[in-house]
Amino acid sequence: MSAVAPAELVARIWERDPTLWTGNDEAKWLGWLDEPMRMRSRLGDLQRFVEELAAPGQIDTFVLLGMGGSSLAPEVIKRSFGAESFHVLDTTHPAAVRGLAETLDLDATLFIAASKSGTTLETRSHLDFFWERAGKRGEFFAAITDPGSKLDQLAKERGFLGTFDGEPTIGGRYSALSVFGLVPAALMGVDLERLLERVEETVEACHGEEGNPGLELGLELGNGWRDGRDKVTINPNPGGFGLWAEQLLAESTGKDGKGLIPAPEESPDGLDRQAPEVRLPSLYELGQEFYRWEFATAVAGSILGINPFDQPNVQAAKDKTNEVLSGGEPDVEPRGSLDELFAQARPGDYVAVQAFIDPEREAELEPLLARAREDTGCVVTHGLGPRYLHSTGQLHKGGPNTGLFVQVVDGAGDELPIPGRDFGFRRLIHSQAAGDLASLEERGRRIVRVRLEKM
């Protein structure tokens, strides 16, 4: 699209003008612009919920069951504030699910199921597993979901301790400053009043042309992409902000053969790279930074000429997973050669390591990541499956065909049954791996599969 003057760009965002992007349904997904102010009016309810939990002195551990937009902001908040009694479960690996279950005191743990749609397969599987394990006691469960969803209905039927309604005009990846991020933050002991006061300063600044932090970052991202620097390195920080920003950028911009390719903690040195700064001088700047990157992504999306609020290719991997699940034991045998894959690297390509492994073994990927950098000279990204399917999966399928994909699987150990399902977590995670490989191959992506134990 033709360049839009910065002042006009800002004005049209606040006017909810969909023609700033593709002229489709963008206007109905801009609830995140005002959500911090709406949440200020809900702080009393959140605080009462937390105080009532604490009053009996019974609950001292929290487990969030969620994926993608429902889990990544809480994970970053947890890491940033050092909330050791708060756990985020966003893997279907049986070793991880079993390991967490064995450490919990089920008479002192609150499980929070978080899903906008209320139908997320991973989250519903986690919920069914822990519902049975915890003795089907609704007072140990809460839900965060959009009004009227299947999860909302289930929470009512089962007598959950509380249900928090999401804002339907906000997509998952823009929901950090909604109940999906702030209910977990409240349970971690974060001072939400203080957090949102700082956010509102950024919201106000994002209304103008001068000194607009979201506009400045968005122009940097979009103009960098226009100049051929489509890899966005994100500087390391203790809270792992790149985990959240990675989803925001990849799922928002990776479509129509275009996309910003986030590469957290990679070297910024390279002609195809840009290195916008993550500004986190103190813990309570985190909310401001969430909002700055959300606004920036909307700005960058206008420069790329895409709809930054949809995710047209995410369903593909889900459909393939269901197809594999219905067909018996999935095939996750090694396929292809790393040597041959890396020999295909061209300037401007990137390597994406997609690891369907126990998260406790993530450090074992380091030799593979180092080899990929050395053999290709490319930016190297990596994500854990199935988490990345809800994060960078859209970019992998809908973005530019510049990825070299390495899927990594492990043995996954013994099966762990899921109540009410004819499959367990082992078969589920292997089906997700098989389904995503098939989906990428259908799009002509270059991909191999290796076993973690044999790399």
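Within the stretch 85-105, the set of residues being out of contact with any helix residue (DSSP H, G or I) (no Cβ under 7 Å at 6 or more places or on another chain), open to solvent by 30 Å² or more (accessible area, probe 1.4 Å) and not in a helix (DSSP H, G or I) comprises Ser85, Asp105. In the condition set (1) in contact (Cβ under 8 Å) with a residue 60 or more places away in the chain; (2) β-branched (Val, Ile, Thr); (3) open to solvent by less than 40 Å² (accessible area, probe 1.4 Å), Thr61 is compliant with all but (1).
The residues in the stretch 271-306 that are surrounded by fewer than 20 Cβ atoms within 10 Å (Cβ to Cβ) and out of contact with any strand residue (DSSP E or B) (no Cβ under 7 Å at 6 or more places or on another chain) can be counted, and the count is 10. Within the stretch 204-212, can one find any residue that is touching a strand residue (DSSP E or B) at 6+ places or on another chain (Cβ under 8 Å) and of a type in the set (D, E, K, R)? No, the stretch 204-212 contains no residue that is touching a strand residue (DSSP E or B) at 6+ places or on another chain (Cβ under 8 Å) and of a type in the set (D, E, K, R). Within the bounds of the stretch 69-84, is there any residue that is closer than 26 Å to Gly385 by Cβ, polar (S, T, N, Q), in contact (Cβ under 8 Å) with a residue 40 or more places away in the chain and open to solvent by less than 20 Å² (accessible area, probe 1.4 Å)? Yes, some residue in the stretch 69-84 is closer than 26 Å to Gly385 by Cβ, polar (S, T, N, Q), in contact (Cβ under 8 Å) with a residue 40 or more places away in the chain and open to solvent by less than 20 Å² (accessible area, probe 1.4 Å).
Leu9 falls short on exactly one of the conditions (1) of a type outside the set (Asp, Glu); (2) open to solvent by 40 Å² or more (accessible area, probe 1.4 Å); (3) assigned to a helix (DSSP H, G or I), and that condition is (2). The number of residues in the stretch 383-424 that are touching a Leu at 6+ places or on another chain (Cβ under 6 Å) and either of a type outside the set (A, V, I, L, M, F, W, C) or under 17 Å from Asp90 (Cα atoms) (or both) comes to 3. Reported count of residues in the stretch 152-170, each being buried (at least 21 other Cβ atoms within 10 Å of the Cβ) and either touching a Pro at 6+ places or on another chain (Cβ under 9 Å) or more than 24 Å from Thr109 (Cβ to Cβ) (or both), is 2. Selection over the stretch 394-411 of residues that are in a loop (DSSP other than H, G, I, E, B) and open to solvent by less than 10 Å² (accessible area, probe 1.4 Å) gives a count of 2.
A residue that is among the aromatic types (Phe, Trp, Tyr), modelled with pLDDT of 95 or more and surrounded by fewer than 20 Cβ atoms within 10 Å (Cβ to Cβ) cannot be found anywhere in the stretch 225-248. Criterion first (outside any helix (DSSP H, G or I), in contact with a helix residue (DSSP H, G or I) (Cβ under 6 Å, 6 or more places away or on another chain) and more than 20 Å from Ala142 (Cβ to Cβ)) does Thr22 satisfy it? No.
Which count do you get for residues in the stretch 280-324 that are free of Cβ contacts under 8 Å to residues at least 40 places away in the same chain and under 18 Å from Ile234 (Cβ atoms)? Residues flagged as free of Cβ contacts under 8 Å to residues at least 40 places away in the same chain and under 18 Å from Ile234 (Cβ atoms) within the stretch 280-324 amount to 1. For Thr321, the stated conditions hold: it is β-branched (Val, Ile, Thr), part of a helix (DSSP H, G or I), open to solvent by less than 10 Å² (accessible area, probe 1.4 Å) and under 30 Å from Arg371 (Cβ atoms).
Taking (1) assigned to a loop (DSSP other than H, G, I, E, B); (2) open to solvent by 20 Å² or more (accessible area, probe 1.4 Å) in turn, Lys255 satisfies each apart from (2). Got a number for residues in the stretch 344-393 being surrounded by fewer than 19 Cβ atoms within 10 Å (Cβ to Cβ) and more than 26 Å from Asn313 (Cβ to Cβ)? Summing the residues that are surrounded by fewer than 19 Cβ atoms within 10 Å (Cβ to Cβ) and more than 26 Å from Asn313 (Cβ to Cβ) in the stretch 344-393 gives 12.
The values are calculated or read from the model by the stated rules, or taken from the named source; none is laboratory data. A quick note: this is a predicted structure, and the numbers were derived from the prediction, not measured. Don't worry about glycine lacking a Cβ; one is built from the backbone with ideal geometry, like all the others, and counts go over all protein chains shown. Calculation scope for accessible area: heavy atoms of the full protein, side chains included, ligands and nucleic acids excluded. Shrake-Rupley method; radii C 1.70, N 1.55, O 1.52, S 1.80 Å.
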